[in-house]
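Asks: Dropping a structure here in structure tokens format, bear with me for questions.
The values are calculated or read from the model by the stated rules, or taken from the named source; none is laboratory data. Here the structure is a predicted model, which is why all the values come from computation and not from measurement. We place every Cβ from the backbone using ideal geometry, glycine too, and count neighbours over all the protein chains shown. The protein model used for the area step is the full one, side chains on, heavy atoms only, and it has no ligands, DNA or RNA in it. Shrake-Rupley method; radii C 1.70, N 1.55, O 1.52, S 1.80 Å.
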Amino acid sequence: MNNVEITDAVLVREYMQGNEIALSKLINRHQHRIYSFIFSKVFDRDVAEDIFQDTFIKVINTLKRGKYNEEGKFLPWVMRIAHNLVIDHFRRNKRMPKFDNSGDFNIFSVLSDSELNIETQIIKDQIENDVKELIKELPEDQLEVLTMRIYKDMSFKEISERTGVSINTALGRMRYALINLRKIIEKHNLVLTN
Amino acid sequence: MRKLYTKKISKKDQFKDLNPKKETVEFLLNYSKALRVVETRGIKFGTILN
């Protein structure tokens, strides 16, 4: 009688050695728990389906690259991937809320052409020039950090290396640069929006 | 007494038959079969074979 169930660890090893059936067994064994977990968070069959698929794509990629180590158990590892993807999903939705195009709501009322026309382009250029003039009023150390961060697109790590100060100091200078910039804008009663 | 027509579904029953679609699982198995990882100069590249 061969009634002993093959462990996940054995199936993972077999899959990493090229046995595709082992993956099928792993999915069949755990699909219900993983899918239920995802659905219990998102409450949408389609979204749960997408996250389930992305979860296993990550699993497949990791296993095929031989990056998986048997330190933990297979299922908790997959659940953690699914959990992270659920968080990503909610973060994305927070940034880009979905609009349900049903009833009286018209999706085109919230869509706009992001291309700037000539007028808004001129205003944008004018504002950018004004800001360039305003930042000259900042103290030297704050101006230096702000210029490196905004105009040279440097990371705070790079800024700290270049200026010889700690990352926290660079962050602090950036913070004060923005606070002071707001004060300068208020002092001059400027409106910097188009 | 008012007759109750609805039955509250327990959380356990709510998630009882939840499984991904057959197509999703098939897609994953096909993806896995098609994926080849090639190592060149220490860098691993994934390629999908049709």
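Asks: Determine ³J(HN,Hα), in whole Hz, for all residues of the range A:142-156 in sequence, where each value follows from phi through the Karplus function 6.51 cos²θ - 1.76 cosθ + 1.60 and θ = phi - 60°; x replaces Gly and Pro.
Replies: 6, 4, 4, 5, 4, 5, 5, 6, 7, 8, 9, 6, 8, 7, 5
Asks: Could you tell me how far the Cα centroid of the range A:116-189 sits from the Cα centroid of the range A:8-77, in Å?
Replies: 46 Å
Asks: Let me ask you something else. Under a 5 Å amide H to amide H cut-off, with H placed in plane at 1.01 Å, what residues pair with B:L35 once short-range neighbours are removed?
Replies: Under 5 Å from the amide H of B:L35: B:L49.
Asks: How would you order A:131-140, A:32-41 from highest to lowest mean count of nearby Cβ atoms within 10 Å?
Replies: Working: A:131-140: 12.7, A:32-41: 19.6.
Descending mean neighbour count gives A:32-41, A:131-140.
Asks: Then there's this: List the pairs from A:K41/B:K44; A:K25/A:K94; A:K73/B:K21; A:K94/A:K136; A:K67/A:K152 whose alpha-carbon separation is above 32 Å, in the order I gave them.
Replies: Details: A:K41/B:K44 34 Å; A:K25/A:K94 36 Å; A:K73/B:K21 25 Å; A:K94/A:K136 36 Å; A:K67/A:K152 36 Å.
Pairs exceeding the cut-off: A:K41/B:K44; A:K25/A:K94; A:K94/A:K136; A:K67/A:K152.
Asks: Once you average over the residues of A:35-41, how many Cβ atoms of partner chains fall within 10 Å of each Cβ? Working shown, then result.
Replies: On the way: counts 7, 6, 2, 2, 5, 4, 0.
Other-chain Cβ atoms within 10 Å of each residue's Cβ, averaged: 4.
Asks: Turning to a different aspect of this structure: Roughly how big is the B-A contact, given as buried accessible area in Å² (both sides, 1.4 Å probe, nearest 100)?
Replies: Values: alone 5810 and 14210 Å², together 17980 Å².
Chains B and A together bury approximately 2000 Å².
Asks: Which whole-Hz ³J(HN,Hα) couplings does the range A:19-35 yield from phi under the Karplus relation 6.51 cos²θ - 1.76 cosθ + 1.60, θ = phi - 60°, glycine and proline marked x?
Replies: Once rounded to whole Hz, the list reads 8, 5, 5, 4, 5, 4, 5, 5, 5, 4, 5, 10, 4, 5, 5, 5, 5.
Asks: Any idea how far apart A:D46 and A:N93 come out in nm if each label point goes 7 Å out from Cα toward Cβ?
Replies: 1.3 nm
Asks: Separate question: Return the calculated 222 nm mean residue ellipticity for chain A, to the nearest 500 deg cm²/dmol, obtained by summing -39500 (n - 2.57) across DSSP H runs with n ≥ 4 and dividing by the residue count.
Replies: Numbers: 8 runs with 127 residues, N = 194.
Mean residue ellipticity at 222 nm (helix-derived): -21500 deg cm²/dmol.
Asks: Now for a separate question. Just to be sure I understand: with springs between alpha-carbon atoms less than 10 Å apart, which residue in A:G172, A:G66, A:G18 has the highest mean-square fluctuation in the Gaussian network model of chain A?
Replies: Comparing A:G172, A:G66, A:G18 in a Gaussian network model of chain A, the most mobile one is A:G172.
Asks: Once phi is turned into θ = phi - 60°, what whole-Hz ³J(HN,Hα) does the Karplus curve with 6.51, -1.76 and 1.60 give for every residue of the range A:78-86, x standing for Gly and Pro?
Replies: 5, 4, 5, 4, 4, 4, 5, 5, 5
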